[in-house]
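Report on the following structure.
The values are calculated or read from the model by the stated rules, or taken from the named source; none is laboratory data. Only a predicted model underlies this, so the values are computations on that prediction, with no experimental measurement involved. These accessible areas exclude ligands, DNA and RNA; they are computed on the full protein's heavy atoms, side chains included. Shrake-Rupley method; radii C 1.70, N 1.55, O 1.52, S 1.80 Å.
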Amino acid sequence: MPVPEQNSNKFLWETYETPCWSNNDIQQNAIDPKEDSTSNHNFTIRHLKQGGTGARKTWEASEILLNHLLCEGGPLRDDNENTSSSCDDEIYNIMELGGGAGCVAVGLATALNHEACQRQRSGSQTTSNGTDTSQSTGIFYPKARIICTDNDKATIKNLRHNIARQPTDRNVSKTVRVASLGWGDNVGGLDFDRAIRDHFQKRRRKDHSVPVETCVSSANTPNPGIVNMAAKEEIDPLRLLTHVIASDVLYGVDALEPLSSVISAIKLRNPEITIILAVRERSPNAVANLKACIEEKVLRGLELQVEHSESDQQERTLNENLLSDNFSVSVKNVTHAFEDTTMNFQMVE
């Protein structure tokens, strides 16, 4: 465990807590309550006292998003009815937009790595072919791999610090990669494509198995389903992603165009991806305008892709289905009570 750092005239440290496991979680996931103390889910984040807004503070929507993703029945939980696979070895490949100080990325890695490690310690981990990994190879399968992005140099430097300083047995630095990404319809261009490939398409050498007892998570152990897809040289790297997440990224009129552009571009390049944003209504109709912009850009892009498609039949069918289903963005209102106030948020999916 790193030596606790002290606040200074440049930095401010705050401690956060990932959503606690319920008794039902402990029973289903074979988690040892003695090893699942609250401290096991605490993590510390360093903020800058000067710099970009994301680096100076972890905004409330970050905690809302973290709870939404990890709560019972949440998008990143095996008890979610929409989970695409019932196998325990499914990996979530996640990209976070506007990662700021790293609260969401660190919290996700901490919680999901802990869950996977506990399962495999208990001997309950099985692969898609029915092999019990804890009794055979001893390989630890991570639950998620995350690429956390921002576009401010000081914020990115601080974000890398927060990833690197987490306790080594939580494997956060092996799970999370930091990358620079400016918002726009090119989604970072070729350089960002390479960063995606490097993080999500790496292969683990056959002779580099990791004993489960050490609980070392490898970001190089890919989802078997993704390996087959990624083996094709021509695969769009964004197709390797399963989720895009972001919190409090709609902070003014100026953010509307680039944010809607990057989200719609990602959806067009990966029609099956799940996108989840936790935002606050900081100006009248801001969320409604974001919803409308994303829908307009995606539907217009789908029409062009179907009309001029040179892709394979499977991709064409996906695009046609999105069009026939009249693709739309859903918005759900969430009210959360903090210590001294109640705030309203919107989940945009």
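In table form, for the structure just shown:
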quantity	calculated
Alpha carbon centroid spacing (whole Å) that separates the stretch 254-283 from the stretch 332-346	22 Å
Amide H partners (placed H, <5 Å) of Y92, local residues excluded	A144, R145
Solvent-accessible surface ranking, highest first, for W59, W13 at 1.4 angstrom	W59, W13
Listed residues K153, K332 arranged by accessible area, highest first, probe 1.4 Å	K153, K332
Net lengthening on full extension, V331/K157 (0.36 nm per residue, minus Cα-Cα)	59.3 nm
Amide H contacts under 5 Å for G99, placed H, 5+ residues apart	T149, D150
From phi via Karplus (6.51, -1.76, 1.60), per-residue ³J(HN,Hα) for the stretch 177-192 in Hz, x at Gly/Pro	10, 9, 9, 7, 8, x, 7, x, 6, 8, 6, x, x, 5, 4, 6
For T274, residues with placed amide H under 5 Å, excluding near neighbours	H243, V244
